[in-house]
Amino acid sequence: MARIPRLRRPRTDERGATIVVFAVALTGMLAVSALVMGGSLGYSAVRTAQNGADAGALAGASTLRQVKLGTKPPTAVLGTVITVAQNNGANSGDIACDIVKANYAISNSSSDVIGPCNGTNELNAAAAGVRVRTHATRPVPFSAFVNSSTITGDAVAAATVQPVRSGKSPFMVCASLTATGHPAPVLNTSTTDPSGYTVNSGAIGLQYVLHGNAMKDGGRQCGGTSSSWRGFVSFSGSFPVPSADPNSDADWWEVKTGNANGHLERVLAGDGACEGDVESFVGCRLAIPLCPKSNNDSGLSLKLFCVKMGAFEITYNQHSTGTPPCNGGQTSSGLVCGKFLGAATVTGGRGGADTADNNSVVVIKLVQ
């Protein structure tokens, strides 16, 4: 019968050495774990800080727009930034806010920073956006092994209020001084200087024909002679209004003749955005291109030269009852009336690094 070998019991000094080796190995393992988890928490801290900065910058720029329009005090910008950034994870007391110029969207340079959000810089004529710096802190597990109890992430973001340079719209409006069918010209027009295309403040609150047979009356075609254009722009995606340059093909918008039906996607922010059949909605708002002249053509060849976007609230359509608020109170086939609002904020579209005036349709975008 084979002998079973006896296991040798370790000596006391060997047992002690084993414990020491295990302790050293465990310490190393915990240190590595702390480093790995710290790296993960570091990314989480940075991401949280960035979320706070992004949200704070967008909210701050939106509030700055309201300050410009006179609906909120200038001190509201800083309070909004702090509240929104904290609600999105930024450390309390670690939030810095600056007012920036429109060109910051391109430069991200300190030369385009006006100064801190202090209730005064918000009123600067060049104020166009907000830059936010934030921090977010996370506790580090096994911190004794890496000599650090917390890890902090830093972030910066900026958002500016930009005049819209492109968008989507079912209609376009002749804004010429000669459009006598409208109650007042929507634009103070200039045929030589693009900077002359500014919103006529006297047009805000007035009612305009946006669609219907009445579009061919009273100069509403900007000199065109189409008998079939009712006010629709050709539906083919997003239209740019980038330069107010009459030599740029991109600024000439093609018409869509006849009547049109169909679903319209949301193009203005908020609950008041138009969504649904383009000839049936009332009480909603649209961003519509403003066009000071046409190519004086007819039919499908008619094009309008469009330089800005204007905001209109739909007040009447062909399914409404009562007296139309536009067109001199006269009904016509497919009539749609809209009240000119001037300023509004769109949910999408391409903006530019220009300072938006108070009557512009704007888009608020992150630029850093």
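Note on T347 and N118: their simple-model spin labels are 3.9 nm apart, each label 7 Å out from Cα toward Cβ. Between C284 and I314, the built amide H atoms are under 5 Å apart, and every one of these is 5 or more places off in sequence or on another chain. Residues whose amide H lies under 5 Å from that of V362, counting only those 5 or more places away or on a different chain, are V164, A344, T345, V346; hydrogens are built 1.01 Å from N in the peptide plane.
Using 0.36 nm per residue of separation minus the Cα-Cα distance, give me the extension gain between V282 and N358 in nm, one decimal. Using 0.36 nm per residue and subtracting the Cα-Cα distance, I get 24.9 nm. In this rough spin-label picture, where each label sits 7 Å from Cα along the Cβ direction, the S107-E254 distance is 4.1 nm. Rounded to the nearest whole Hz, the Karplus-based 3J(HN,Hα) values (6.51 cos²θ - 1.76 cosθ + 1.60, θ = phi - 60°) of the stretch 213-227 follow the sequence 4, 5, 5, 8, 10, x, x, 6, 9, 6, x, x, 10, 5, 8, with x at glycine and proline. Backbone phi angles across the stretch 77-84, fed through the Karplus curve with coefficients 6.51, -1.76 and 1.60 (θ = phi - 60°), yield HN-Hα couplings of 4, 4, x, 5, 4, 5, 4, 5 Hz in residue order; Gly and Pro are listed as x. Cross-link pairs exceeding 24 Å between alpha carbons, from the set K101/K168; K256/K365; K168/K339: K101/K168; K256/K365.
At q = 0.11, 0.26, 0.28 Å⁻¹, what log₁₀ I(q)/I(0) does a Debye calculation on the Cα points of the stretch 56-132 give, no solvent, two decimals? At q = 0.11, 0.26, 0.28 Å⁻¹ the computed log10 ratios are -0.24, -1.19, -1.30.
The 1.4 Å probe gives accessible areas that order S111, S166, largest first, as S111, S166. Among rounded, prolate and oblate, which fits the stretch 290-362 when a ≥ b ≥ c are the square roots of the eigenvalues of its C-alpha gyration tensor, a/c under 1.5 means rounded, and a/b larger than b/c means prolate? Cα axes put the stretch 290-362 in the oblate bin.
The values are calculated or read from the model by the stated rules, or taken from the named source; none is laboratory data. Predicted model, so just to flag it, every value in this text is computed and none were measured. Because the Cβ atoms are built from the backbone with ideal geometry, glycine has one as well, and the counts that use them run over all protein chains shown. Only protein heavy atoms, including side chains, enter the accessible area calculation; ligands, DNA and RNA are left aside. Shrake-Rupley method; radii C 1.70, N 1.55, O 1.52, S 1.80 Å.
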